[in-house]
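Taking it in order: structure first as structure tokens, then the write-up.
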Protein chains: 2
Amino acid sequence: MSLAGALLSGDVRALARAISLAEDRDPQATELVAELQPHTGKAYLVGLTGAPGTGKSTLADALVKVIRDRGQTVGVIAVDPSSPFTGGAVLGDRIRMSRHTLDRGVFIRSMGARGHLGGLAAATREAIHLLDAYGRDVILVETVGVGQSELEISTICDSVTLTLMPESGDAVQTIKAGILEIADIFVINKVDLGGAEKTRRLIQDAMALGPKQAWRPPIVMVSAANEEGIAKAWEAILSHQAYLKESGALTSRRQERVKQEVVALVAERAREDARRLLDGDTVVGRRLRDNRNGKLNPYTLAEEVLGERASQGGS
Amino acid sequence: MSLAGALLSGDVRALARAISLAEDRDPQATELVAELQPHTGKAYLVGLTGAPGTGKSTLADALVKVIRDRGQTVGVIAVDPSSPFTGGAVLGDRIRMSRHTLDRGVFIRSMGARGHLGGLAAATREAIHLLDAYGRDVILVETVGVGQSELEISTICDSVTLTLMPESGDAVQTIKAGILEIADIFVINKVDLGGAEKTRRLIQDAMALGPKQAWRPPIVMVSAANEEGIAKAWEAILSHQAYLKESGALTSRRQERVKQEVVALVAERAREDARRLLDGDTVVGRRLRDNRNGKLNPYTLAEEVLGERASQGGS
């Protein structure tokens, strides 16, 4: 059976193999995803973001349990901050959530940054499509959420939760960084540590200063490790889903997502072409390598690469 | 006088205006940078990275003083985690380092993520070229360094310092994330808090496990707020510079940088073209907007965009 056929028939090894191809940026993965596209669009995509140490993984684990208790299947993609140099994944990510390993309704996968960051984003998108085609009802996408990685999660997922820890300075950093705006649902984790109420007020005050939104992001207090408040968090996500469907925002979000993905695919192709030309035995490649003083003009070189791409058929 | 001429003659307002054009992703900035390229390559580029709260800004401020005391001019670019939605910069970044405001040998600028992240990276590269052409001896590039942003700093700068705080869990997170490998110099800040020695050992042990490198990153202990150890940190950066020059690694680093920049320029052009086609009154644009169920195949659409780009002249 073809890999696509095996995946659609529910073969978990076919799914794992396909995601590995995506992670390796194997062109086969892209072809496979394109082929499976008609079978996608059914999964609900939930992004879990937040600073390191806020407990996103524990929250994911607890959410998986709630989602399974309600009879839905779930896929988890943990986009982890692995070394781009070694390609290694964080061991903890791979072995955590082991309590779900015997449940065939749960599929968990860590994705590492093997090589270029644009590559990780592309691999993550492909893995989501693969899980979607595989028939998962819900896909949780967990990313380290400090800095710039959140910006992508909001274009990749339908609903985005931002996890904060009380009294950690997280809330203040988040507000400073303008990351508040990424959240459809706030989750304050580790409420048992105290100070959660203060964090809640900080977020509320910051939101009050922002523009008026049709959807007012709820703030849910949880203790993921103790599995407290998780059902409420899931309800909040479902409310956001209902809002997106009723308001028509789901359609426009998904349209925007297709657009972003097309732009990313085109840019990735251009990047690959440019690298191939610069590494190869081409005019631009030789010009780059013959240069010793580092004073080569990248703008002129970029024009030359664009020219060579055009003369080679334009794409 | 042209903007390029004014900038080369040392007009600081011309420099500020040019950087604003870069930040706005105005095509004029790209043209200007291309025009100024023959005047670049003299500045030494130092990246300052580290997690939020580790004191990168205070370190930058203290380094500026040491560099100025040695008679060199300096430019500081603080790439800040601003909201991509509001385009606002963090006020603190703009007002800090105000003690240098009367010193014409110091130019400080915050850059925010107005729009796409690729755009911020491109704007930062352009700002560096502009400061270089303006004649700065040293350019400090400060970025929030959690997650994936460091990966770029190592291709943008000659020497990269990674700032850590003792006992903060930073070191462990950094080791887990494989970010160690990005550092040419480790700076342990806030040594007065205690626990610095333990952090130093953690880093040393992790380095001992890694591959043997020709350059062994030194670990410098500082208290940036008290201006202690800063001269040592600067000496460590200069040692790395000397190593790069002697080993020939500076040439290969800068060649690699030109390559990365060309690839980024080509990808940015492709992204712009794709957006223009998808937003415009084109076959692909109409197909995207007419789609209501979100099931459009991005791969097919990307092929169509590539086809339209090719038919429009290929670049």
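Farther than 22 Å from B:Leu120 by Cα and charged (D, E, K, R): does that describe B:Lys56? No. Of all the residues in region A:30-62, those that are touching a helix residue (DSSP H, G or I) at 6+ places or on another chain (Cβ under 7 Å), part of a helix (DSSP H, G or I) and within 11 Å of chain B (Cβ to nearest Cβ) number 8. Taking the criterion of being touching a strand residue (DSSP E or B) at 6+ places or on another chain (Cβ under 9 Å), within 17 Å of B:Arg201 (Cβ to Cβ), modelled with pLDDT under 75 and not polar (S, T, N, Q), the residues of region B:161-179 that qualify are B:Asp170, B:Ala171. Selection over region B:274-301 of residues that are modelled with pLDDT of 90 or more and among the acidic types (Asp, Glu) gives a count of 2. Entry remark, region A:277-286: residues being over 16 Å from B:Ser252 (Cβ atoms) and within 10 Å of chain B (Cβ to nearest Cβ) number 2 in total. For region B:221-271, give me the residue count where each residue is out of contact with any His (no Cβ under 9 Å at 6 or more places or on another chain), within 7 Å of chain A (Cβ to nearest Cβ) and farther than 22 Å from B:Gly41 by Cβ. Residues in region B:221-271 being out of contact with any His (no Cβ under 9 Å at 6 or more places or on another chain), within 7 Å of chain A (Cβ to nearest Cβ) and farther than 22 Å from B:Gly41 by Cβ: 3 in total.
The values are calculated or read from the model by the stated rules, or taken from the named source; none is laboratory data. Remember, predicted model here, so these are calculated numbers, not experimental data. A quick note on method: Cβ atoms are made from the backbone with ideal geometry, for glycine too, and the neighbour counts reach across all protein chains shown.
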